[in-house]
Structure formats: C-alpha cells, structure tokens
1. Residue check, residue B:58 against (1) part of a helix (DSSP H, G or I); (2) closer than 30 Å to residue C:6 by Cα; (3) more than 20 Å from the chain's Cα centre (by Cα), all met but one. Which one?
2. Output the number of residues of the stretch A:47-84 satisfying the condition of being assigned to a loop (DSSP other than H, G, I, E, B) and either free of Cβ contacts under 8 Å to residues at least 12 places away in the same chain or surrounded by fewer than 24 Cβ atoms within 10 Å (Cβ to Cβ) (or both).
3. What is the one condition in (1) exposed (fewer than 14 other Cβ atoms within 10 Å of the Cβ); (2) in a helix (DSSP H, G or I); (3) more than 11 Å from chain B (Cβ to nearest Cβ) that residue C:73 does not satisfy?
4. Taking the options C:83, C:113, name whichever one is within 11 Å of chain B (Cβ to nearest Cβ), buried (at least 22 other Cβ atoms within 10 Å of the Cβ) and modelled with pLDDT of 95 or more.
5. For the list (1) modelled with pLDDT of 95 or more; (2) farther than 16 Å from residue A:276 by Cβ, I need the number of the one condition that residue A:56 fails.
6. For the stretch C:116-126, which positions are in a strand (DSSP E or B) and either touching a helix residue (DSSP H, G or I) at 6+ places or on another chain (Cβ under 6 Å) or more than 9 Å from chain A (Cβ to nearest Cβ) (or both)?
7. For the structure I just gave you, tell me whether residue C:135 is in contact (Cβ under 8 Å) with a residue 12 or more places away in the chain and either in contact with a strand residue (DSSP E or B) (Cβ under 6 Å, 6 or more places away or on another chain) or under 27 Å from residue A:90 (Cα atoms) (or both).
8. For the stretch B:180-271, please list each of the helices (runs of 4 or more DSSP H) lying entirely inside it that holds at least 1 residues being under 23 Å from residue B:156 (Cβ atoms), within 14 Å of chain C (Cβ to nearest Cβ) and in contact with a helix residue (DSSP H, G or I) (Cβ under 8 Å, 6 or more places away or on another chain).
C-alpha cells in the first residue's frame, strides 16, 4: 500500500472548548447508574462556537507552529459531520478568517469520524503531487447525540489541524505510509434534515469499529513489513475509552504506547477531530525519531492508518503555541440545563 | 444678528400611546403650539425624528405633517441628528428666520418607540454609534454607557450613588408634571437595587420606551410683536460633532462635542456659566448626565455625583437641572426630546412652570446629545 | 414584529475587520480606522494603508449585558469589554469563554472568532471577533 512521498507535518494545532459536562450529570438526568458511564466528561462547544470557529482556532495554532505566512497555504480541507451549513463551504470561512489567500482549493469532507483523516489524505496527496506548497487538513466537530441516547455521553466538541508541506529538515514529522480500508456498513448515519444521528447499538462495535480499525492496522503492518515494536505510539479513534484499549489488546499493543494518545476520557468523542487530537497530544511529547501509528475510524465505515515519523523540528515548533494540556486544564463544568442551552437543544 | 424668539409650545403626554400614530401625535403637539400662538399657518415646518423610517416605515415626515395640519404647500423638512435632532431642527429653523427667508416657523419633534419592542429599542440605539462595530457586535448604547460608567468610577474613585442620584433628581422634579411619563418619586435605594441593564448601569438609571411629540413656534422679533403669548429669546444655538464611537476619542469620559457647543453657545449668547439659572441636561443614562455637567464645564471632572448628592442640582439648589423630570422621568421620545426640553425652558422663563417654577432664572441652557456624544447641541434661552 | 436581520452585502463587506481586525492606518499620523477611509479622521491625510490590529491586548473594563437587542437575546447574559490592543488601539467587543468573576482590569486577552448572531429568517451566520482571556500554559 502506498508509500507517501515528500509530505510532512510542519504545524499542528488542537482546540478543545472550555465547557465540560460530566457523564454522571447526563446519567443523573436519565436515571442511569454512574458506574455505567463510558467516559469521565466531555467537552461542549459554547453557544457561540461551531465546527467552523473551532477549525479556525486549531488552524491558527497549526499555522503559528509552522511559522509560515498563511498566504503560502494552497488548500483548506475541513472534515466534519457537523457543518454549520448544509450547503456553503466551511473551508472558505476558515481561509478568510486566517488571511489565507483566495487561490486555494477548499473542500468539506464528510465520513463520520473519519472526515478529518480524509482531509489529511487529500492534502498529503496534493503536497506530494506538488500541486500546493502547504495545505491545511482539519478535523472539527460539535457532535450531537439525541437527548437520552447512548451517544449523548460521548458526542463532544473539538478540533485539530495540520499544516502539511514538503519534507524539510525542520519539519515536525514525516508521513511514511498510509492505508485505507472501507466497506458499506450501516453502523451509524444521519439522513438529510435530521438533527441527530441514528446508530445500530452493539453493531457499531465488532463489525464496524473493530473490523475496520484492526484490518487497516494489520494491512499496513503486513504490506510494509512493520511490527508493533517499530512504533512508539499508537493512536486510535476513540468513541469511548474502552474501544481503543480493546483494539490495542487485540493487536497485542502495550498499553503504555496507547495511553499517551487517549483524549476521549476527558474530552469525549470529538468525531472528525478525535484521532487527530490524539495525534496532537502525542506530538506535544514526542521526540525526534519516534514513530507513530495513527488509525482513524469513521462509521459507514472505514479507517485510515498512517505511519508518521517525528522529525527534528518538533522541539522548537511545538513551543510556538499552547499545548493541548492547556485546553484540558482550561475548563468549566456545566449542568445539563446549561448544556441544552449551549448546544441549541431547547426548541420551542 | 436677528433675534429669534419662542412664541408658543405644544406637548403631548409622554407615554406608550398604543392607540395613536406617529402622525397623530405630531399633529396634536403642532396644533397645540399653533393655537397657543394664535396661528393657522407658518412659513416653514421642521420635523425632528430619528426612527420613523425604521419603526413606522415612513419617510417624508415634513410633507406628512404639513398634510396633517392642512398646510400642504408649505416648505417642510425632516431633520435628523440622533437624539440631538430637536436642536438640529431648531438650528435650521433659526437660520431660516435669521436669513429673512421665514418669519415664523413650526418645529415639531416626534418619536414613537412603542411600535417596536424594548429589545428592538436597544438595537436602534446602536444607530447612534458606528453600528457596524458596536450594534453588530452585540454592543448597544447601554453597554457602551456601562463601560463609560465603569471607567468613570475607576478613574475618579467616585461613588456610584452620586451618579444614580441623577435619576432620583429627575423623578423628584417630574412629580405633578402632566406631560411626564413617570411623574413620581423614586428613592436612591430603589434605583440602586433595580436590576442591571448592563453592570454597573441599573435599569432605573436609563430611559425607557416612550412615545411623544413636542412642538415650538419660532419667529422673528418683528413677527413676535403680532403674537399675544409670552416669549423667550433663543439667545444661542450651537451644534458640534465628535468621533461617533466614544472609545475612539482621546478621552471617552470627555464629551468634546458638548464642550465645544457649550463654549460657542455661551459666546454667542454673551453670557457666562454663572448666569445660567438652570440646565436641561441629556440624562439618557445617569452617567451621561454626570459626564455632560463635567464636559460642559459646570463641575470639575469626577465631581458631578457629589454635587447631585449635596442637593446642588435640585430645584432649590444652586444649579437646578431637569426641572420637569428630564429624559429619565419626563421621558425620552428621542427625536422629540430636545423640543420638550426647550418647551420646558420656555415655560420656566415665561413663569408658567407651576409648582416647579424657579425664581430669578434669566437664562436657561438646554443640552442635547446624539448617542454618547457624537453630536452635541446646546441652546441658551433668555427672558424676552 | 420587525426583523433586525443581517443585511448580507453589508455584512460581507465588513469581513476584513470582523474576521481579522484588519482596517486602515494613516501613513502620516498613525491613526487606525476600523473601516476603509478616504481621509484620515485625525489629520486629514489621504494616504492610508491596510493594517491589522494586534490580536492581543489588555482588558480595560467590562460590563455584563443582561438585556440585549433581538439578535443577541439567545446569548444573554454576555460580557462586553473595552480592550486596548498591544498597538494601543481601543476596541469594544464581546468577551467569551469566561465568567465575570475571572475578569480583572489589565488582564491579558486575545482575539478569537465566534458566532456573533444568526439571521432570523435566512439563518445566515455572522462570524466575527470576540476576545477571551489569553490561553495560559498549564
């Protein structure tokens, strides 16, 4: 499966909104036992935030870390399942807000939680093909669960962005390989004009998340001759905390290589941003020469898996913007009533 | 320069006139003024109004009023300078008289805010700032006034109750005033305990939605001789502008436009501040009253609140203000407000102020502001 | 009831400042203008160039808006602040991601982009700057 030629991460940025709701607070409303909750708390976008504003936040940091003039960016691709507009591109708003020029490609991608890595794939390809000097790949979501639905505990808000350009000595990390594995699997969907998604309960596990995640990883390892030992970090999509840890167990990956990339325990499932935020968290601590295997999952269903090697530029560049931990500690806990107001769930 | 005199007035009560139109209100005050002066026609009509084209979707108010009065054919204009529209219209009217083009004119101010909601009124106030950088950002005039208030309290270490006292004074003076919107007393404690509109600005330190119309008759000295009613002289009328948003100015706590207009009005009238017997202030917000008194040089900066608390600004004080309740208690029907102020000053100078009559007031100053001082207009009236 | 909605061409024209704090500075006296100008309001100079305000500044004072105009009612209560940007320009705007108790005069704030309002009928979203307490490293 394809080797990636000449594409590297020059800047990365993560953004998590300030508000949190504890899973036990949601459980209180629906009469569930607090021991049953899948995560501790999740990040909630404020009433004035959406996938576009959060994409801008994350991208601002990515560009700052890259240390480049925004005008050199030739593509802005946004992956999200919570587009503020059904029709009207998100990328153009992101581009104008950040002073990126007008001679760019702008695309919005949708592939449930895999939309962010879809954006990465297309930006990597454009850079490799020398169509652009730099491109911005963004995953951003204000994911919604129907009140009372199991998804309500985890569907969260966050964004992550990567500035991707050609390989240089001072790049943050280099892309080595990537595989994608997709099938038609109806585990989760949202029809047009519907506010909340539908899912097929336990069907979302084994035939969906695990099948695609594990197949993508196994394919990548087999096709490129890597073994688990060749990697320092494994990052998975995280609809909760249990799934990525179970995937690691199935693949015999030591827990210590998975935990650094876990974000869902304290921010929830940020959908298109989820595995990318895991990458951001790892890049905040990774050292030059370390190797990362990042695997997304999106319902519908499919997984992208990337081999990323950390470069020399990381030490200097990561200091140029706040680490993700700054957004973990910047938080305000809200109750269920405020949560409904913030997420526009009060309809009269 | 030719003398210009006020020879009549007409007022509607300020309130929410649910069953009456903008047209009807301005016709009533105008007719009252004409009848008071014993006139059936004038040489020109000036209408002061701010929100007619938004709230009533009605332009050409000059033609509308002329028609309402059975005066179609007369030259008629609508003048707008925000809440200072009234004095702006008076200025144009006085110019027409002084140029000899007109001998007697009608100036009518009118506003009908109750056709919109209180929330819409908040949006409308942003029209008196750079709306694109305030209103569209969620910053209405009360929010800007609250920021000025905070700056004021922190810069001067002033007590908030001194500023809130301006509302108390206006309410005290409105008692028994038949055209006032809120003719009752309100205690300082009540003002200070009312809910915040925008901290630290309390709801009772701001004006409310109001409808009303006020009219005055202006004429030349020669023409005045033919009219029976008592007269007061318009000794000066001056208007100046400033940057529209207060925070763009060198000092947001100094209304430079008001300082300029006051200075030039005093010069024009040939009087000093000490000769001003009373002031009709633009107390759209309590803090604006304080800033006005200081900007126009009547009190040192940061001291207006102390003067208010010490009783210096009450009817029996050394410089009475807002003798019929001011914007706060008589009411603030925006485009009409300055005409109410002028009519009230006229009543004082012609000894028709009833229980609020001041002794020995020979000169009155009327101050009017657009927004938070982007335009300031000052009139000085004197006994004729 | 009247609609005080977004006039779309007007909103669209205002993007440079609303999105990026980009206005016009007088080449002669340095005065900053939020909107395109033909003449400097301060010195009358006619040479103005595009310039961007610093996205960082300090909070001078603030107020909590409890009653808002119709387009902003859904957001109440919200905070409005007076900010002095690093280049010395005074600017009024909303403060987001904070409670009044966390604010104090002189604190560092930074510009971000948020939803300002949503047009009642067309549902168009107006985006623009708001300020927030500067993100602190843990």
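1. Only one criterion in (1) part of a helix (DSSP H, G or I); (2) closer than 30 Å to residue C:6 by Cα; (3) more than 20 Å from the chain's Cα centre (by Cα) is unmet by residue B:58, namely (1).
2. 8
3. Residue C:73 satisfies every listed condition except (3).
4. So the residue among C:83, C:113 that is within 11 Å of chain B (Cβ to nearest Cβ), buried (at least 22 other Cβ atoms within 10 Å of the Cβ) and modelled with pLDDT of 95 or more is C:83.
5. (2)
6. Within the stretch C:116-126, C:117, C:118, C:126 qualify.
7. For residue C:135, the condition - in contact (Cβ under 8 Å) with a residue 12 or more places away in the chain and either in contact with a strand residue (DSSP E or B) (Cβ under 6 Å, 6 or more places away or on another chain) or under 27 Å from residue A:90 (Cα atoms) (or both) - is met.
8. B:256-269
The values are calculated or read from the model by the stated rules, or taken from the named source; none is laboratory data. Only a predicted model underlies this, so the values are computations on that prediction, with no experimental measurement involved. Here Cβ is always computed from backbone atoms with ideal geometry, including for glycine, and neighbour counts include all displayed protein chains.
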